[in-house]
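What follows draws every value from the coordinates through simple rules; no lab data is involved. Please read these numbers as outputs of a predicted model, since none were measured by experiment. Note that we place each Cβ from the backbone using ideal geometry, even for glycine, and neighbour counts take in every protein chain shown.
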Amino acid sequence: MEDLDTPRVVPGSADRILRTLEAFGLHWDGDVIYQSQRSDVYGAALDQLQTAGYTFECSCSRRDMSGTGDTGYPGTCRLGPTRRGVLTATRFRVPPDFVVLFDDGIQGKCRFNTHELGDVIIRRKDKIIAYQLAVVLDDALQHVTNVVRGTDLLESTAWQILLQQALKLSTPSYAHLPLVVEQTHEKLSKSRHSVPVEPARAGVSLTTVLRMLNHPPPPELENDVPERLLEWAVHQWNPVAVAHVRSVTARDTVHAK
């Protein structure tokens, strides 16, 4: 459960997420692990990276980075924070002019240059461990071998592979599904039209999503119970149907969160 960003955690949201997954016929192995309870694990990894010289402190503000985000960070603080007396974030020092290559199960061969990626934040100014470092450790400690997620995290895979190498961790196999977007190409889950999924309409939502992924269920299974739809989808799944597709446009009936 990704609940590291404690100031933004809504009370009860974790339980609602788990109940929603169950309503959609999606279940998990073992106990649910909460990131908020693993600060010692993340802290030890951060110490390891700092000791090995893979990090530096950054005093850049959001205004300084306006228009760039983490991607393409120009290395302003690589030799030390440029501002004194302010809180600093910890960045992972990516190797210069290095190319990260990986073969994605859906998007095919992917190539990212570290010069374009820039040095990613792994601990925020409020001392909260950032997603990129936390998820690398979560995957490794849970022995995750296959990661399936949306293409909005395709670029993050390059940073995560570099972190895995720095921490001497194994690299899972990755497959990035098309992202659901608005007509304006804005990510649906971040748009003003986004509404929570309805557990009571799980079959309808699954049918819609399968159609969007070029796997339309047969008429007799449309809007059926999740268990039957998922059983059909598992046996019929063909990654070629969505190969190299980065995004699909949402329909009005899709509920995204």
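Coupling constants for the stretch 19-31 follow from the phi torsions by the Karplus curve (6.51 cos²θ - 1.76 cosθ + 1.60, θ = phi - 60°), and in residue order they are 5, 5, 4, 4, 5, 8, x, 9, 10, 10, 8, x, 7 Hz; glycine and proline get x.
Evaluated with a Cβ-only charge set (Lys, Arg +1; Asp, Glu -1), the chain carries a dipole of roughly 1040 debye about its Cα centre, given to the nearest 20. Taking the charge dipole of the stretch 76-221 about its Cα centre, with +1 at Lys and Arg Cβ atoms and -1 at Asp and Glu Cβ atoms, the residue from 77, 143, 217 reaching farthest to the positive side is 77. Residues 184, 90, arranged from fewest to most other Cβ atoms within 10 angstrom of their Cβ, appear as 184, 90.
In the chain, what percentage of the DSSP-assigned beta bridges are antiparallel, given to the nearest 5? Walk me through the numbers before you get to the answer.
Details: 14 of 22 bridges.
If I count the DSSP bridges inside the chain, around 65 percent turn out antiparallel.
Cross-link partners for residue 187 among the aspartates and glutamates, with Cα-Cα distance under 16 Å and sequence neighbours closer than 8 places in the same chain left out: 152, 155, 252.
If each DSSP helix of 4+ residues adds -39,500 (n - 2.57) and the sum is divided by the residues in the chain, what number results at 222 nm, nearest 500 deg cm²/dmol?
On the way: 7 runs with 74 residues, N = 257.
After summing the helix terms and dividing by the residues of the chain, the value is -8500 deg cm²/dmol.
For the stretch 181-249, what class follows from the C-alpha gyration tensor (a ≥ b ≥ c being the square roots of its eigenvalues): rounded when a/c is under 1.5, otherwise prolate if a/b is larger than b/c, else oblate? Oblate is the answer for the stretch 181-249, as a/c is 1.5 or above yet b/c matches or exceeds a/b. Considering only 237, 208, 176, the residue lying farthest towards the positive end of the dipole of the chain is 176, judged by Cα position with unit charges set on Cβ. When only Cα pairs below 8 angstrom with a gap of at least 6 residues are kept, the stretch 38-177 shows a relative contact order of 24 percent. Taking the C-alpha atoms only, the angle from helix 154-166 to the longest principal axis of the chain is near 50 degrees.
Given an 8 Å cut-off on Cα distances and at least 6 residues of separation, report the relative contact order of the chain as a percent.
On the way: 369 pairs, mean separation 45.2, N = 257.
Normalised by residue count, the contact order of the chain is 18 percent.
Ordered by the number of other Cβ atoms lying within 10 Å of each residue's own Cβ, fewest first, 247, 205 fall into the sequence 247, 205.
Counting only residues at least eight positions apart within a chain, or on another chain, the aspartates and glutamates with an alpha carbon under 14 Å from that of residue 127 are 5, 40, 47, 57.
Return the whole-Å distance between the Cα centroid of the stretch 1-78 and the Cα centroid of the stretch 138-194. Answer, in whole Å: 13. If the rule is a partner Cβ under 4.7 Å, which cysteines in the chain fail it? Lacking a cysteine Cβ partner under 4.7 Å: 60, 110.
For the stretch 120-257, a crude dipole built from +1 on the beta carbon of Lys and Arg and -1 on the beta carbon of Asp and Glu, taken about the Cα centre, is about 680 debye to the nearest 20.
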